[in-house]
Amino acid sequence: MLQDIMDKSAKADYPINALIAKRWSARAFSDRPVEKQKIMSLLEAARWAPSSSNEQPWRFIVFTIENGSKERMEEARSVLSEGNSYAKRAPVLMCAAAKKTYTHNDKDNRHHMHDVGAATAYMFLEAYNQGLAMHVMGGFDAEKARQLFGIPDGFEPATMIAIGYYGNPETLPKKPREKELAPRSRKPAGEWAFFGQWGSSII
Ligand SMILES: Cc1cc2nc3c(=O)[nH]c(=O)nc-3n(C[C@H](O)[C@H](O)[C@H](O)COP(=O)(O)O)c2cc1C
């Protein structure tokens, strides 16, 4: 559950929901398999995200270390960038992709990446609710992913996602370990939230 994952709660300036405060991007995954039911709950959370015209442009390809799917998992691991090697230990990887056009009129959906991001954020919160750690990664070979995973034209690979139970941060190599143990930080809202007009601080 939540308390099994290292606590890196946000130092929030204003009160926020506990789950939002507690979620963070872990790198130290245990190799303990994740129950299928939990994976389905994560996908269910993504399912209820909002999207432009309710298009639901997100697609998720799931890879696990279960028997019979090891070869596919190896392929999924092979698209990760060097800096994301920590994610090779995760027992679940996903590739998130987005449909670039609206289904009802074939016109470009300029919100497709926004909406796959929203679905992924919902999934992220549910992962923490289920006691799982998760990490979203933009560092991967999108063209290789397209070929290996059979992603058709008209869909854009967005991210790779690592999911699993939390492991031991001491097992990470130096650089990811330092990131793992560092406090989380954010710009203050006054830098990016405006009131009435661009540049006019809300605070
Ligand atoms: C679209 C996207 C791409 C990201 N790409 C990577 C990545 O390639 N490698 C990585 O280690 N983290 C990646 N991250 C994680 C961010 O670095 C992380 O969310 C950010 O530092 C804030 O940390 P927190 O999620 O723990 O609050 C990515 C996050 C997002 C949303």
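Assorted remarks:
- Per-residue ellipticity at 222 nm, computed for the chain from helices alone with -39500 (n - 2.57) per DSSP H run of at least four residues, works out to -8500 deg cm²/dmol.
- Less than 5 angstrom separates the built amide H of Ala133 from those of Gly164, Tyr165, Tyr166, all sequence-distant by 5 or more or on a different chain.
- Summed residue charge, Cβ within 15 Å of Pro152's Cβ, Lys/Arg positive, Asp/Glu negative: 0
- Counted charge near Trp58, where neighbours are those whose Cβ lies closer than 10 Å (Asp, Glu -1; Lys, Arg +1): +1
- Neighbourhood net charge (12 Å Cβ-Cβ; Lys/Arg +1, Asp/Glu -1) for Ile16: +3
- Residues whose amide H falls under 5 Å from that of Ala158, counting only those 5 or more places apart or on a different chain, are Ala96, Ala97, Ala98, with hydrogens built in the peptide plane.
- When all alpha carbon pairs of region 32-166 are counted in 5 Å bins from zero, the resulting P(r) reads 2, 11, 21, 22, 21, 14, 6, 2, 0 %.
- Cα-projected label distance for Asp141 with Ala18, points at 7 Å along beta-carbon direction, nm: 4.4 nm
- The lysines within cross-link reach of Lys174, meaning a Cα-to-Cα straight distance under 30 Å and a gap of 8 or more places when in the same chain, are Lys8, Lys11, Lys22, Lys70, Lys88, Lys144, Lys187.
- Partner lysines whose Cα lies under 22 Å from the Cα of Lys107, excluding those fewer than 8 positions away in the same chain, are identified as Lys99.
- Karplus-based coupling profile of region 177-188, in residue order and whole Hz: 5, 4, 5, 4, 8, 6, x, 7, 9, 8, 5, x, with θ = phi - 60° in 6.51 cos²θ - 1.76 cosθ + 1.60 and x standing for Gly or Pro.
- Between Leu19, Leu42, Leu80, the residue with the greatest mean-square fluctuation in the GNM of the chain (Cα pairs under 10 Å linked by springs) is Leu19.
- Check: region 42-181 dipole with +1 on Lys, Arg Cβ and -1 on Asp, Glu Cβ, in debye: 200 debye
- For the chain, a Gaussian network of Cα nodes joined below 10 Å ranks Arg186, Arg77, Arg59 by mean-square fluctuation, and the top entry is Arg186.
- Annotation note: GluC sites (Glu not before Pro) in region 27-97 located in DSSP loop regions with a Cβ neighbour count of at most 16 within 10 Å are Glu35, Glu66.
- With a Förster radius of 45 Å applied to the beta-carbon distance between Ser52 and Ala182, the computed FRET efficiency rounds to 0.80.
Only the coordinates and a few stated rules stand behind these numbers; no lab work does. Bear in mind the structure is a predicted one, so any value in this text is a computation, not a measurement. As a convention, Cβ positions derive from the backbone with ideal geometry for all residues, glycine included, and neighbour counts pool all protein chains shown.
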